[in-house]
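*Asks:* Got a structure here, written out as structure tokens. Questions coming.
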Amino acid sequence: MLQAFVNTLKVKDLRNRLMFTALIIVLVRFASSIPCPGVDPAALESFMAELSASNKDGGGLMAFIDLFSGGALTHFALGALGIMPYITASIIVQLLVPVIPSLEKLQREGETGRQKISQYTRYLTLLVCVVQGMMVAFAMINPTKIGLPAPGRPLFLGNEQIFVLMTILVLTTTTMVFTWLGEQITERGIGNGVSLIITINIVSRLPQSVIELVQMAWAGETPSGTSFNAVQLLLLLVVFCVVTAATILLSQGYRRVPIQMIRKTVGKQMTGGSTYMPLKVNFANVMPIIFAGAILMLPEYLFRYMANRPDASSIWIGLAQTFQQDGAGYMIAYAILILAFSFFWVANQFNPIQIADNLKKEGAFIPGISPGQPTADYLDTAMTRVTAGGAVFLMVLALFPMFLYSSFNIPFMVAQFFGGTSLLIMVGVVLDTVSQLESHLTMRHYEGFLKSGRLRSRSGN
């Protein structure tokens, strides 16, 4: 494997792509450390430290958002929104494609249609940036409006209106630049541009989490006062390896559906024969976790806001406690939404009738199954069973960090690397990137990263 990495530097085109990608990553990380104009860095740092220490007053959620911005939110940096508005817009457009006939028609038009859909996605990204930038700006002015405790001193300097307009402009511009840089990585770099930027932001928080774990073992207790020693640190490392291996199995797992193709001669070559159709266990990838977290973010803030009011009733206080990120109500709702969205995503993206028609047109069939509707029914049943197992696995993986956070008082930032969205994204993007590098090497007659077999990307290639 080490020789394969050395070989990537021997290929000029691949070396240039790696250097180009590294340069963009440096620019993104640089933008994540420059504070926005009008922010009081000292007051913000003090407020974030108090918020993270409390955990119960939103520190967990703030740490989650901060994780995907690569620490930019902590400093309210230029890249505080990160690339997530583009991801949100992309998800919305993907969900609308099978619903709106005009978008579905554009998708079938090939490259021209896909470019048009990408243009619509950018427009929607711009709108999402403005909305989120406005929300973040108002949260900086008065954090109590979103259920957070009041800061000891103002977090911004100058006029409120100018600060809001400046924040929206700066954060929107930075996100759109990040989106363009991600596209440049896809075209001129090593691929997976937007996903790679998110992964780098997540990985950038990993050293801090490791240091925090070591400090906990050295001090003999967690920040909340629970005992923690070197043996528990070693157990956590073993658990991390096991959970990472399970995540790889979830990302790479699939069921093979045998396909028989009629043999025919095309020119001097014989085509056809036996092959298979891979039905991915985790077809929806990380989307159900993102959807579930986004939906539950609203009631969590609403209940906390109502509970913090001077005249708050016991009902609002009870709901706020139940729907904290380590509360029973939140975890149950989170699990149900992950299961529901897993099947929802498959129902929108996997079309067994169209696949059955394509197989019939190509003269292919599933052994023992009649072409047409019986094939569609068979694929629908098989995909439903595969999705059921994958959805349960995904639900357990998403809840495991919350279990560590609530039961063992492991800091939220550390627990996020033991499952959930962050680990799924890291594993998926790393496997995809290594798979693309391996393809470049094998095309130039170099050995890949594995002596036998081949890495599969998330797209099944």
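The values are calculated or read from the model by the stated rules, or taken from the named source; none is laboratory data. Note that this is a predicted model, so its numbers are computed, not measured. Virtual Cβ from ideal backbone geometry, glycine too; neighbours counted across all protein chains shown. In case anyone asks, the SASA skips ligands and DNA or RNA and just uses the protein heavy atoms, side chains included. Shrake-Rupley method; radii C 1.70, N 1.55, O 1.52, S 1.80 Å.
*Asks:* Conditions: (1) part of a helix (DSSP H, G or I); (2) touching an Asp or Glu at 6+ places or on another chain (Cβ under 9 Å); (3) at pLDDT below 80. Asp57 meets all but one. Number of the miss?
*Replies:* (1)
*Asks:* Please work out if Ile185 is closer than 28 Å to Val414 by Cβ, buried (at least 16 other Cβ atoms within 10 Å of the Cβ) and either hydrophobic (A, V, I, L, M, F, W, C) or in contact with a strand residue (DSSP E or B) (Cβ under 9 Å, 6 or more places away or on another chain) (or both). Quick ask: steps written out before the conclusion?
*Replies:* Details: closer than 28 Å to Val414 by Cβ: no; buried (at least 16 other Cβ atoms within 10 Å of the Cβ): yes; either hydrophobic (A, V, I, L, M, F, W, C) or in contact with a strand residue (DSSP E or B) (Cβ under 9 Å, 6 or more places away or on another chain) (or both): yes.
The answer is no for Ile185.
*Asks:* Now, a different point. Criterion first (aromatic (Phe, Trp, Tyr), open to solvent by 80 Å² or more (accessible area, probe 1.4 Å) and at pLDDT 90 or above) does Trp180 satisfy it?
*Replies:* Criteria met by Trp180.
*Asks:* Next up: Answer yes or no: is there a residue in the stretch 268-279 that is open to solvent by 20 Å² or more (accessible area, probe 1.4 Å) and part of a loop (DSSP other than H, G, I, E, B).
*Replies:* Residues of the stretch 268-279 open to solvent by 20 Å² or more (accessible area, probe 1.4 Å): 268-272, 274-278.
Subset that is part of a loop (DSSP other than H, G, I, E, B): 268.
Yes: the stretch 268-279 contains one or more residues that are open to solvent by 20 Å² or more (accessible area, probe 1.4 Å) and part of a loop (DSSP other than H, G, I, E, B).
*Asks:* Please report, ordered by residue number, the helices (runs of 4 or more DSSP H) entirely within the stretch 85-193 with at least 3 residues that are closer than 17 Å to Ala72 by Cα.
*Replies:* In the stretch 85-193, the matching helices (runs of 4 or more DSSP H) lie at 111-141, 160-188.
*Asks:* Among the numbered criteria (1) among the hydroxyl-bearing types (Ser, Thr, Tyr); (2) open to solvent by 50 Å² or more (accessible area, probe 1.4 Å); (3) under 21 Å from Val429 (Cα atoms), which one does Thr173 miss?
*Replies:* (3)
*Asks:* List pairs: first residue in the stretch 184-195 and under 8 Å from Thr21 (Cβ atoms), second residue open to solvent by 30 Å² or more (accessible area, probe 1.4 Å) and not basic (Lys, Arg) anywhere in the structure, Cβ distance under 8 angstrom, at least six positions apart or on different chains.
*Replies:* Ile185/Phe20; Ile185/Asn192; Gly189/Leu18; Gly189/Phe20; Ile190/Leu18; Ile190/Gln436
*Asks:* Any idea which of (1) within 28 Å of Leu14 (Cα to Cα); (2) in a helix (DSSP H, G or I) is the one Trp218 doesn't satisfy?
*Replies:* That leaves (1) as the condition not met.
*Asks:* Confirm whether Phe344 is in contact with a helix residue (DSSP H, G or I) (Cβ under 7 Å, 6 or more places away or on another chain) and of a type outside the set (Val, Ile, Thr). Give the derivation first.
*Replies:* Details: in contact with a helix residue (DSSP H, G or I) (Cβ under 7 Å, 6 or more places away or on another chain): no; of a type outside the set (Val, Ile, Thr): yes.
No.
*Asks:* Let me ask something else. Within the stretch 410-433, track down each residue that is modelled with pLDDT of 80 or more and either among the acidic types (Asp, Glu) or on the phi > 0 side of the Ramachandran plot (or both).
*Replies:* Hit for the stretch 410-433 is Asp432, nothing else.
*Asks:* Say we look at the stretch 299-337 and pick out the residues that are more than 15 Å from Thr144 (Cβ to Cβ) and among the small types (Gly, Ala, Ser); which of these is most open to solvent (accessible area, probe 1.4 Å)?
*Replies:* Applying the filter and picking the extreme gives Ser314.
*Asks:* Looking only at the stretch 280-294, filter to residues that are out of contact with any helix residue (DSSP H, G or I) (no Cβ under 6 Å at 6 or more places or on another chain) and part of a helix (DSSP H, G or I); which one of those is surrounded by the fewest Cβ atoms within 10 Å (Cβ to Cβ)?
*Replies:* Only one residue fits best here, namely Ala294.
*Asks:* Moving on. What residue, among those in the stretch 16-41 that are of a type in the set (D, E, K, R) and modelled with pLDDT of 85 or more, is nearest to Gly79 (Cα to Cα)?
*Replies:* Among those that are of a type in the set (D, E, K, R) and modelled with pLDDT of 85 or more, it is Arg29.
*Asks:* Could you grab me the full set of residues in the stretch 366-387 that are open to solvent by less than 60 Å² (accessible area, probe 1.4 Å) and either among the acidic types (Asp, Glu) or in contact with a helix residue (DSSP H, G or I) (Cβ under 8 Å, 6 or more places away or on another chain) (or both)?
*Replies:* Ile366, Ile369, Gly372, Thr375, Ala376, Leu379, Met383, Thr387
*Asks:* Working only within the stretch 107-154, note down all residues that are at pLDDT below 85 and small (Gly, Ala, Ser).
*Replies:* Once the filter is applied, which keeps residues that are at pLDDT below 85 and small (Gly, Ala, Ser), the stretch 107-154 yields Gly110, Gly113, Ala139, Gly147, Ala150, Gly152.
*Asks:* Identify the single condition in (1) closer than 23 Å to Ile338 by Cα; (2) free of Cβ contacts under 8 Å to residues at least 12 places away in the same chain; (3) in contact with a helix residue (DSSP H, G or I) (Cβ under 6 Å, 6 or more places away or on another chain) that Leu423 does not satisfy, given that it satisfies every other one.
*Replies:* Failing condition for Leu423: (2).
*Asks:* Taking the stretch 356-365, which residues are free of Cβ contacts under 8 Å to residues at least 40 places away in the same chain, open to solvent by less than 80 Å² (accessible area, probe 1.4 Å) and not polar (S, T, N, Q)?
*Replies:* Taking the stretch 356-365 and keeping what is free of Cβ contacts under 8 Å to residues at least 40 places away in the same chain, we get 356-358, 360-361.
Checking the rest, the ones that are also open to solvent by less than 80 Å² (accessible area, probe 1.4 Å) come to 356-358.
Listed by number, the residues that qualify are Ala356, Asp357.
*Asks:* Would you pick out the residues in the stretch 391-407 that are touching a Leu at 6+ places or on another chain (Cβ under 9 Å), of a type in the set (Gly, Ala, Ser) and modelled with pLDDT under 90?
*Replies:* Ala398
*Asks:* Now a separate question. Is it the case that the stretch 63-82 has a residue that's β-branched (Val, Ile, Thr), open to solvent by 20 Å² or more (accessible area, probe 1.4 Å), assigned to a helix (DSSP H, G or I) and at pLDDT 80 or above?
*Replies:* no
*Asks:* Here are the criteria: (1) open to solvent by less than 80 Å² (accessible area, probe 1.4 Å); (2) among the β-branched types (Val, Ile, Thr); (3) touching a residue at least 60 places away in the same chain (Cβ under 8 Å). Tell me which single one Ile162 does not satisfy.
*Replies:* Only one criterion is unmet by Ile162, namely (1).
*Asks:* Something else about it: Check the stretch 423-430 and report whether any residue there is part of a helix (DSSP H, G or I) and not aliphatic (A, V, I, L, M). Can you show your working first?
*Replies:* Of the stretch 423-430, the ones part of a helix (DSSP H, G or I) are 423-430.
Of the ones still in play, those that are also not aliphatic (A, V, I, L, M) are 428.
For the stretch 423-430, residues part of a helix (DSSP H, G or I) and not aliphatic (A, V, I, L, M): present.
*Asks:* Could you tell me whether Thr433 is open to solvent by less than 10 Å² (accessible area, probe 1.4 Å), over 30 Å from Met48 (Cβ atoms) and either among the β-branched types (Val, Ile, Thr) or in a loop (DSSP other than H, G, I, E, B) (or both)? Don't jump to the end; show me each part of the working.
*Replies:* Values: open to solvent by less than 10 Å² (accessible area, probe 1.4 Å): no; over 30 Å from Met48 (Cβ atoms): yes; either among the β-branched types (Val, Ile, Thr) or in a loop (DSSP other than H, G, I, E, B) (or both): yes.
In short, no.
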